[in-house]
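The values are calculated or read from the model by the stated rules, or taken from the named source; none is laboratory data. All values derive from a computational prediction rather than experimental measurement. Because the Cβ atoms are built from the backbone with ideal geometry, glycine has one as well, and the counts that use them run over all protein chains shown. Note: areas computed on protein heavy atoms with side chains; ligands, DNA, RNA excluded. Shrake-Rupley method; radii C 1.70, N 1.55, O 1.52, S 1.80 Å.
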Amino acid sequence: RYFRHTFKLDSETIETAQVLISVDNSYVLFVNGKEVLNGDNWKKVGKKDIAKYLKKGENIIAVEGENTGNIPKPAGILFAMKIIDEEGKETLVHSDKTWKSTDDRPAEDWVALRFDDSEWSASKNFGS
């Protein structure tokens, strides 16, 4: 399953952007087109400061998730990010129904901000 979420930052300088992510079963996390983190154990939360990958203006988070096992079903994702800018302002980004998703393998540039995901569905929220 493929997930995308765009968000806007008003600050020029990001001090920290701590990500926590878990995907059942495995994932590759992209930020603004760059691979920044991956994991293959949903029981282990991935953690990373991704401040250097963010920029003022629109940003894109993209996740390729795969649920493996005897009964394959769509991958589930838990994502949270706390961004702190140079003035101490906090911005929170988390997985919810505003994220887009698809089961179909997208075009190669699907991790780019300019990619058209208008045909993708809203992600489903199974808890908070």
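Scanning segment 88-111 for residues that are loosely packed, with under 14 Cβ neighbours inside 10 Å and part of a loop (DSSP other than H, G, I, E, B) yields a count of 11. Before we move on, is Thr98 over 16 Å from His5 (Cβ atoms), in contact (Cβ under 8 Å) with a residue 24 or more places away in the chain and among the hydroxyl-bearing types (Ser, Thr, Tyr)? No: the conditions fail for Thr98. Taking each residue of segment 33-45 that is among the polar types (S, T, N, Q) and looking for partners that are open to solvent by less than 100 Å² (accessible area, probe 1.4 Å) and assigned to a strand (DSSP E or B) with beta-carbon atoms closer than 7 Å, six or more apart or interchain, yields Asn38/Tyr27; Asn38/Val28; Asn38/Leu29. Beta carbons closer than 6 Å, at least 6 apart along the sequence or on distinct chains, pair a first residue in segment 13-31 that is over 20 Å from Asn70 (Cβ atoms) with a second that is open to solvent by 40 Å² or more (accessible area, probe 1.4 Å) and of a type in the set (Val, Ile, Thr) for Glu15/Ile84; Thr16/Ile84; Leu20/Val45; Ser22/Val45.
Given the structure, is Thr16 farther than 26 Å from Asp116 by Cα and open to solvent by less than 70 Å² (accessible area, probe 1.4 Å)? It is true that Thr16 is farther than 26 Å from Asp116 by Cα and open to solvent by less than 70 Å² (accessible area, probe 1.4 Å). Summed over segment 15-52, residues that are touching a Ser or Thr at 6+ places or on another chain (Cβ under 7 Å) and over 20 Å from Arg1 (Cβ atoms) total 2. For beta carbons closer than 6 Å, sequence separation of 6+ or different chains, a first residue in segment 103-115 that is charged (D, E, K, R) and a second that is at pLDDT 95 or above, the qualifying pairs are Asp109/Phe115. Screening segment 46-68 for residues that are without any contact (Cβ under 8 Å) to a residue 40 or more places away in the chain and not in a strand (DSSP E or B) and picking the one that is least open to solvent (accessible area, probe 1.4 Å) gives Ile50.
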